[in-house]
1. Within segment 2-24, does at least one residue satisfy the condition of being farther than 17 Å from residue 391 by Cα and more than 25 Å from the chain's Cα centre (by Cα)?
2. Kindly evaluate residue 228 against the criterion of being part of a helix (DSSP H, G or I), more than 29 Å from residue 198 (Cα to Cα) and free of Cβ contacts under 8 Å to residues at least 60 places away in the same chain.
3. Counting just the residues of segment 105-132 that are under 22 Å from residue 393 (Cβ atoms) and small (Gly, Ala, Ser), which one comes out surrounded by the most Cβ atoms within 10 Å (Cβ to Cβ)?
4. Going by the conditions given, is residue 35 surrounded by fewer than 22 Cβ atoms within 10 Å (Cβ to Cβ), of a type in the set (D, E, K, R) and more than 30 Å from residue 122 (Cα to Cα)?
5. Residue by residue through segment 47-93, note down the ones that are loosely packed, with under 13 Cβ neighbours inside 10 Å and touching a residue at least 24 places away in the same chain (Cβ under 8 Å).
6. Which members of segment 330-381 meet the condition of being among the small types (Gly, Ala, Ser), assigned to a loop (DSSP other than H, G, I, E, B) and at pLDDT 85 or above?
7. Residue 4 - would you say it is part of a loop (DSSP other than H, G, I, E, B) and either crowded, with 16+ Cβ neighbours inside 10 Å or out of contact with any Ser or Thr (no Cβ under 9 Å at 6 or more places or on another chain) (or both)?
8. Go through the residues of segment 169-179 one by one and say whether even a single one is outside any helix (DSSP H, G or I), buried (at least 16 other Cβ atoms within 10 Å of the Cβ) and at pLDDT below 95.
Amino acid sequence: MKLGINGLGRIGKLSLWHHVSRKHFSGIVANIGREVGRSLEDLAAMLEKDSTYGRLGTYLYGHKSPRVIEELNNEKGTMLVNGVPVTILRTSRNPKDIAWHENGVKLVVDTTGVFTDPTTDPDAEKGALRGHMQAGAEKVILSAPFKIKSKGLEMPADAITTVMGINEEMYDAGRHAVVSAASCTTTCLSYMIKPLIERIGADKILSASMVTVHAATGSQQVLDRLPKTGATDMRKNRSIQNNIILTTTGAAKALALVIPEMATIGFMAESVRIPTTTGSLIILVVNLQDELETPIKRDAINAIYREYASHNGYLKFSNEQNVSSDIIGLPAAAAVIEGTETHTRTANIQVNLSKVRADSLKPGADPILNVPVTQAVVYGWYDNELGSYTNMLGDLTVHISEGML
């Protein structure tokens with residue numbers, strides 16, 4: 001079975017690295033829809049070298065590795081990468097025009113970040129995610145959250161958002177044709193929230209919030225530049241090399257698609273971009289309704305994550321006092337809980353019952369209630385490119401492909 005990859009940006013390129021290492025697919029067909037440099041040799045050099053992760057050969061075999069890209073044929077657009085046949089398509093950028101059928105591709109991973117709306121007609125002038133299926137694919141995996149642009153439209157019945165190890169069992173091979181692998185932040189966040197829901201219960205989580213301290217992405221600017229016409233956020237055009245930049249994240253919305261219990265919890269998500277190439281951090285704050293005599297302490301929170309990590313390999317628990325570079329490339333670690341920095345604080349919150357709806361009060365009730373609330377702060381590292389997101393995307397891709405054989 002061949003795998004199609006649309007786009008060779010950060011996630012597309014690293015997905016190719018993942019799959020030529022894994023060798024689950026008999027071949028890879030990657031579409032870029034244009035020429036790169038002067039010849040296929042220039043593209044091969046881009047695939048072989050990476051400023052963040054080093055050389056492909058070193059990633060695969062260590063520092064003594066020979067070159068692993070061979071047998072380049074510029075006319076056919078073919079090469080061998082670690083022994084895996086790779087074909088590069090360079091003519092069409094609209095998904096419906098990509099030669100998936102001609103190349104025997106039934107499963108496509110779209111990593112462009114452009115085609116994110118599962119409701120867009122496949123014949124749309126500017127292209128659509130479903131265009132891949134019109135071009136011959138049977139299933140499409142999106143390496144980003146779904147974004148429905150038209151208000152009032154609901155998620156199609158054949159579309160689902162999935163994070164490996166969290167809700168992949170909700171994927172139905174006979175029903176779902178369009179699959180979102182959520183985002184790197186949602187993936188990490190789901191592994192920080194799910195253990196708490198399973199052990200403490202969603203009904204005891206009063207509210208939660210998170211901030212992701214996130215590495216730079218390809219959409220940001222190296223130097224300041226003028227914004228596009230109609231742009232509303234001037235910060236997106238400022239240099240990421242010189243600034244900490246406040247931005248937004250759709251993690252809260254996507255999380256509810258992966259963990260339905262989140263719909264009952266008040267949740268906010270914020271994002272800050274920083275000048276690093278990869279390696280990000282989520283700071284999760286959870287307010288828990290506690291017990292009067294036995295409040296939840298730091299050791300109890302860490303024990304929950306330690307136990308969960310013992311049976312789910314995508315979650316790691318650490319007491320090593322990490323910095324961001326320590327988790328770069330860490331294989332398939334959705335989140336690395338920084339156990340040394342878990343904190344809790346319990347206090348009695350006084351509730352003035354005169355501010356509460358009258359129909360919720362019992363006759364003769366004390367006008368003041370003391371409610372024990374524990375605030376827990378948990379830190380979770382994640383390699384937002386190869387180590388966490390791309391490796392888990394690769395696992396999801398293989399999981400879906402096995403249901404297609």
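1. No: segment 2-24 contains no residue that is farther than 17 Å from residue 391 by Cα and more than 25 Å from the chain's Cα centre (by Cα).
2. Details: part of a helix (DSSP H, G or I): no; more than 29 Å from residue 198 (Cα to Cα): yes; free of Cβ contacts under 8 Å to residues at least 60 places away in the same chain: yes.
In short, no.
3. By that ranking, first place goes to 131.
4. Working: surrounded by fewer than 22 Cβ atoms within 10 Å (Cβ to Cβ): yes; of a type in the set (D, E, K, R): yes; more than 30 Å from residue 122 (Cα to Cα): no.
When the stated conditions are applied, residue 35 does not pass them.
5. 51, 73, 83
6. Initial filter on segment 330-381 (among the small types (Gly, Ala, Ser)): 332-335, 339, 347, 354, 358, 360, 364-365, 376, 380.
Cutting the leftovers down to assigned to a loop (DSSP other than H, G, I, E, B) gives us 332-334, 364-365.
Scanning segment 330-381 gives a single hit, 334.
7. Numbers: part of a loop (DSSP other than H, G, I, E, B): no; either crowded, with 16+ Cβ neighbours inside 10 Å or out of contact with any Ser or Thr (no Cβ under 9 Å at 6 or more places or on another chain) (or both): yes.
Judged against the criteria, residue 4 is not a match.
8. Initially, segment 169-179 is screened for residues outside any helix (DSSP H, G or I), giving 171-179.
Now drop any that are not buried (at least 16 other Cβ atoms within 10 Å of the Cβ), which leaves 171, 176-179.
Now drop any that are not at pLDDT below 95, which leaves none.
Checking segment 169-179: not a single residue is outside any helix (DSSP H, G or I), buried (at least 16 other Cβ atoms within 10 Å of the Cβ) and at pLDDT below 95.
The values are calculated or read from the model by the stated rules, or taken from the named source; none is laboratory data. Small disclaimer: the values here were computed from a predicted structure and weren't measured. Note that we place each Cβ from the backbone using ideal geometry, even for glycine, and neighbour counts take in every protein chain shown.
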